[in-house]
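Please read the structure below before turning to the comments.
The values are calculated or read from the model by the stated rules, or taken from the named source; none is laboratory data. Model, not experiment: these values are computed from the prediction. Cβ: placed from backbone, ideal geometry, glycine included. Neighbour counts: every protein chain shown.
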Amino acid sequence: MVRARKKSGKHAKIIDNIWGWVFSAPLLIGLTLFLFIPLGIAFYYSFTNIGVGEGYSIDNFTWNNFDNYATVFTDKMFARSLLNALINCIGVPIGMVIALMLATFLVNNKKGSTLFRVIYYIPTICGSAVIAYIWKWLYSGDGMVNNFIEAIFKTQIDLTGGIYFMPAMIVMGIWSGYGTSVLLLYAQLKNIPHSLYEAASIDGAGGFRKFISITVPGVMPTIFFILITGVSGSFQDFARFNIMASSPWSDYCAMPAYFVYSLTNDLRFGLGCAYGVVLGAIITVIFIAQEIIKRRFNKNA
Amino acid sequence: MKKAKFLSLIACLFMLTGCYDSYRFQFISYPSVDNPDGDISTNVISVGNSQTSEDDPESGGGGDSVYDKIFAKYDALPWEYNGGQTSITMAHWNDNGVAVETAVVNALLKGFNHRYPEIQVKVTYYPDYEGSYGTNLYAGTACDVILVPDGAFTKWGATGRLKDLQSLIDSSEILNTETIFDTALTRYQLNPVTKRAGSGNQLALPKDIGPQVMYYNRDIIDDLNEYASKNGLSAIDYPPNDRIMTMTEATNWWIKVKDYSRAAGYGSNFYPVTGIGPEGLVWSAGGDFLNANRDGFPGDTKGLEIGYKYIVDAYYDYEILPHRNVIGDKTGCSFFLEKSCASFISGRSDVSSLRGSKINWDIAYVPSFDNGEYGVSNANHAKNTFSGSVGYAIYSGVQATKLEAAWKLVEYIASKEGQEILSATGYQIPVYEDLAKDPDVIQREIDGGLSEESYMIFVESAASQSYGLWQYRASIEWKEKTYDKFSENLLHSDANIRKNYPVTSFLNDVRNEIGRYL
């Protein structure tokens, strides 16, 4: 009887496992077909000269060892684009702090919070290209921003290129990205037990102390999530830069993802894949570093 | 429990179907030859189902229509096709607005279906066509007939997936490529060994040729002359339409327009001209951007120095060109239409926009350097700028049963009848020099508001203006990552940065970096 029950239990477990695989299958099939296999192929191509153009061929591409990677690692403009991407990351913590302040404000002021959450989220639901065109108009010579600058400083500045381009893009990035952060942080803030704040109040803690000791640790998982996705997104930022930059290859405007796009359009897939692999590796390293910091933080907490 | 699992499975399958559909949608956005129906905007066009009866020459309703006149003119040609009833696919761009493209293609296909009613053409319009359609070619999923912008021709040709048309051209009784503008025909030739354009296999035939001219606003000149006469100043003449102005003449003209317009209250955001590029300046000053083999920096940089020096001076010394911060995303034409400039340099395609406006405009040749001015001693005065063009090619993987039909379409577009229909749309001039000078074509241009002299500027410019830098090599990155990149500081709005970065330093930077991209 016991044996039969055991057998039945084992059988049920197998059935459960099968069901588990069945439920996961759509996602796994999609990931395999459209992510893992293309990633593997791209990695393989990054060691070949597959592509078209001078020195390339379509049907008889050959293995060219690390030539593509040598090109990537000696490309000063690519290095500069990585620096630009790093500068672009400055907007992530700034945006997060603004989002945290707004989310805290919304939690503490329930009246109209739904309306404000909708308003904050509007930039997120607009396509990045739409936002980029709106901001390009704002930043143009006869746009609102330059009119304002001209009224104060009696001169216009070029916000679509040159030294002011990256600060202008950071401002735009913060504006277009904080909507999601506000919603995520708002949801997390609502999950923090109110009793903790009450206990802290009884112990005599002030508002700032409560914010640092209760609110921040309470939303830390979300903060890390925003940082990871934000930094990764900043390194892959492309569409809005492509639209906004007056000259995408200028030192002030170049972004790493543009190299992959441009080489694909040029049908030079091998070299484009190498740039993509290197960019992916850099983002992975940043992700791992952030994960390590997060674990240490959690451990200390 | 079992019921819950069953329902979950159904939900899962539903999701899977949804996933499949979403992926399928991505696939069908880019149709293959085997699946021509899977597209985003397909029009099945044939005579009788896409035009009104009034326009339809088959209906007999428009006895003296433009179509009938054109058809009658070429009825004697052997419009033969033996491939039977078939349908072919055609890839097209919608970069200039799908409505305009559709109108032009419909006009063309109306003529095509009149000659070849057995062949149905399914046209698909693609966004970001020039940037992305090369991957379709590469992947072997291209349409039977492909629009080939000259900017993409070299790299698309290098895929080996464009059919060599030479034998078909040689056996054609419809085409006579002898009188096609050389500048239009040779840009679709590719050397199979060097993969350079300009000579070699004929992989496409031109649909159009878009020479550049200088458009100017006659009313503004008249207004400034009224101001001049009131203030005892010398008048501004209209630019000549019988010769190319020298840069000295043109600069004086633009400066005079600037001075008068500012004095007359047009404001500091009004400019005499937009659209001056370095190409024509460098070429006409006797220089070039690469060496003769196009595999290195040129040995003689005098033309480059003169050309780029002029651009810098035009912005900051003569103050005749608007900085990019002023013009922003606007085209020269839209800047001109809002009366922010007196003249602009651009291609033929802007004629349609200007004809629809209330501006009293005319055209002149694009000015260029001549010997004895600005230190030029080796001038190429006629090479004042480049022209643009698009052509049509046949995908090399076209099914054998559809090859004749595909060729008939490409042949028709490049034929004199096809060209005359296209020119009648008002968007282009014919690619045949003799047809461009045909009295019927000239009369249509006059009816459209251009004088014969002005129209001939387009024709003469088409004969002399060749392809642009984009066709020097398969990739344009040598220009974008050197000349364009370093010109950022050369033309910087900060005077201190410009002062520390003269043209010689700019060219040294280009020289040092360009080898990486060649």
#### Entry: Checklist (1) under 28 Å from the mean Cα position of the chain (by Cα); (2) more than 10 Å from every other protein chain (Cβ to nearest Cβ) applied to B:PHE486, failing item
(2)
### Query
Would it be correct to say that B:ALA463 is in contact with a Ser or Thr (Cβ under 8 Å, 6 or more places away or on another chain) and in contact (Cβ under 8 Å) with a residue 60 or more places away in the chain?
yes
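Output the residues belonging to the range B:66-115 that are part of a helix (DSSP H, G or I), among the small types (Gly, Ala, Ser) and over 25 Å from the mean Cα position of the chain (by Cα).
B:ALA72
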### Query
When both residues are 6+ apart or on different chains and their Cβ atoms are under 8 Å apart, which pairs have a first residue that lies in the range A:76-98 and is in a helix (DSSP H, G or I), and a second that is among the acidic types (Asp, Glu)?
A:MET77/A:ASP251; A:ARG80/A:ASP251; A:ALA85/A:ASP237; A:ASN88/A:ASP237
### Task
Taking the residues in the range A:30-52 that are surrounded by 14 or more Cβ atoms within 10 Å (Cβ to Cβ) and within 12 Å of another protein chain (Cβ to nearest Cβ) as candidates, determine which candidate is nearest to A:THR62 (Cα to Cα).
A:ILE50
### Task
Scan the range A:44-81 for residues that are modelled with pLDDT under 85 and within 21 Å of B:LYS481 (Cα to Cα) and jot them down.
A:GLY51, A:VAL52, A:GLY53, A:GLU54, A:GLY55, A:TYR56
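To keep it simple, each residue is scored yes or no on (1) buried (at least 24 other Cβ atoms within 10 Å of the Cβ); (2) under 18 Å from the mean Cα position of the chain (by Cα).
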site: B:ASP370; (1), (2): no, no
site: B:SER377; (1), (2): no, no
site: B:SER389; (1), (2): yes, yes
site: B:GLY426; (1), (2): no, yes
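Can you find a residue in the range B:134-146 that is under 26 Å from B:GLU417 (Cβ atoms), modelled with pLDDT of 95 or more, assigned to a helix (DSSP H, G or I) and not acidic (Asp, Glu)?
no
I need the helices (runs of 4 or more DSSP H) fully contained in the range A:235-301, keeping only those with at least 3 residues that are within 14 Å of chain B (Cβ to nearest Cβ) and not hydrophobic (A, V, I, L, M, F, W, C).
A:256-265, A:269-300
Which one is farthest from A:ALA245 (Cα to Cα) among residues in the range A:128-155 that are away from chain B (no Cβ under 14 Å) and small (Gly, Ala, Ser)? Write out each step before concluding.
First, pick out the residues of the range A:128-155 that are away from chain B (no Cβ under 14 Å): A:128, A:130-131, A:148, A:151-152.
In the following step, the residues that additionally are small (Gly, Ala, Ser) were identified as A:128, A:151.
Numbers: A:SER128: 14, A:ALA151: 24 Å.
Here the answer is A:ALA151.
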### Task
State which residue is surrounded by the most Cβ atoms within 10 Å (Cβ to Cβ) when the search covers only the range B:246-299 and only residues that are over 24 Å from B:GLN212 (Cβ atoms) and of a type in the set (Phe, Trp, Tyr).
B:TYR260
#### Entry: Hey, A:TYR186 part of a helix (DSSP H, G or I), closer than 27 Å to B:ASN496 by Cα and among the hydroxyl-bearing types (Ser, Thr, Tyr) or not
no
### Query
In the range B:195-208, is there at least one residue being modelled with pLDDT of 95 or more, under 18 Å from B:SER423 (Cα atoms) and assigned to a strand (DSSP E or B)?
yes
### Message
So B:ILE311 ticks every box in (1) surrounded by 18 or more Cβ atoms within 10 Å (Cβ to Cβ); (2) of a type outside the set (S, T, N, Q); (3) touching a strand residue (DSSP E or B) at 6+ places or on another chain (Cβ under 9 Å) but one. Which box is left unticked?
### Response
(3)
### Task
Being under 13 Å from B:GLY468 (Cα atoms) and assigned to a helix (DSSP H, G or I) is the filter here, so list the residues in the range B:282-297 that pass it.
B:VAL282, B:TRP283
### Message
I'd like to check which helices (runs of 4 or more DSSP H) are fully inside the range B:298-417 and have at least 3 residues that are within 14 Å of chain A (Cβ to nearest Cβ).
### Response
B:324-327
